[in-house]
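The values are calculated or read from the model by the stated rules, or taken from the named source; none is laboratory data. The shown structure was predicted, so the numbers you read here are calculated from the model rather than taken from an experiment. All Cβ positions, even for glycine, are placed from backbone atoms using ideal geometry, and neighbour counts span all protein chains on display.
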Amino acid sequence: MADHDLSAQDFSLIGIEGSYSRISSDIDTTTPPSHSSDKTTVSGIGLKVGAQSYNYRVFLTANYYKDADNSYDYITTYGIQFDYLLNVSKIANLYLGVNAGYANMKYTITGEPFSRTISDPYYGGDAGLNIHMGSLVDLELGGRMMLLDAKNVKNNTTYTFNNMISAYASLIFKYQMD
C-alpha cells in the first residue's frame, strides 16, 4: 500500500454549482378517482462548503431551483454530501457518493386558490468527474439522484414528490486547512 503525505492533500473547499434537474411527482384524486404523473424541469444554483482528504470529501450544500413556468414559488434543498474519490489520474478523479438532507417546496396548482408546501427529507447518490483546472480550482461534472417521499394532501388531491434527478457543474475552490 502506498504511503501518502495526506497533510499536503487536505483542503477546505467552497464551491458554486449550477444544475439542470427533473422533479418526478404523482397526482392522485379521490373524487373522481384518478392518477397521473408529472415531470417538471428546473434550473438551480447552489453553494457547497466542505473539506477534502486524499480519498474522501464532504460538503454541506444549499441549492435554490426555479422552474420556467413559475408554478413553484420556491424549491430549496439543504443537505450533506459525502464522496469517495477514485484518483485515476493527475488531471482528474472520479467520485461516487451519497447525499441526504431536506427539500422544501411551495407551489400553486392552476385552478386552486391556495398554495401547497412540503418540507421533507431526501437521500440519494451522486457520481461524476472532478477535473483539476489548477492546484486550487476543480471543475466538477456530475449527476445526482435525490429520493423523496414527500406528500401534500389538500381537499381530495394528493401530490407525491418521488425524486429529483440532476445534472450539474460546480467550480470548487480549494485552500489549505490550518
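Values for this structure:
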| quantity | calculated |
| --- | --- |
| Residue list for segment 102-125, restricted to those being farther than 18 Å from LEU60 by Cβ and among the aliphatic types (A, V, I, L, M) | MET105, ILE109, ILE118 |
| Scan of segment 66-91 for residues that are among the hydroxyl-bearing types (Ser, Thr, Tyr) and within 12 Å of LYS106 (Cβ to Cβ), ordered by number | SER71, TYR72, TYR74, THR76 |
| LYS106 vs. criteria among the basic types (Lys, Arg), more than 29 Å from PHE11 (Cα to Cα) and touching a residue at least 12 places away in the same chain (Cβ under 8 Å) | yes |
| Residue that is within 11 Å of the chain's Cα centre (by Cα), within 26 Å of THR160 (Cβ to Cβ) and either at pLDDT below 95 or among the charged types (D, E, K, R) (or both), where the choices are ASP69, ASP38, ASP126 | ASP126 |
| Selection from segment 110-122 of residues that are surrounded by 15 or more Cβ atoms within 10 Å (Cβ to Cβ) and over 15 Å from the mean Cα position of the chain (by Cα) | ARG116, ILE118 |
| Residues that are among the hydroxyl-bearing types (Ser, Thr, Tyr) and either out of contact with any strand residue (DSSP E or B) (no Cβ under 9 Å at 6 or more places or on another chain) or in a strand (DSSP E or B) (or both), drawn from segment 118-167 | SER119, TYR122, TYR123, THR157, THR158, TYR159, THR160, SER166 |
| Hits in segment 143-178 - residues which are among the aliphatic types (A, V, I, L, M) and either surrounded by 14 or more Cβ atoms within 10 Å (Cβ to Cβ) or under 18 Å from ILE80 (Cβ atoms) (or both) | MET145, MET146, LEU147, LEU148, ALA150, MET164, ILE165, ALA167, ALA169, LEU171, ILE172 |
| Segment 97-109, residues that are under 23 Å from GLN52 (Cβ atoms) and either of a type in the set (Ser, Thr, Tyr) or surrounded by 14 or more Cβ atoms within 10 Å (Cβ to Cβ) (or both) | GLY97, ASN99, ALA100, GLY101 |
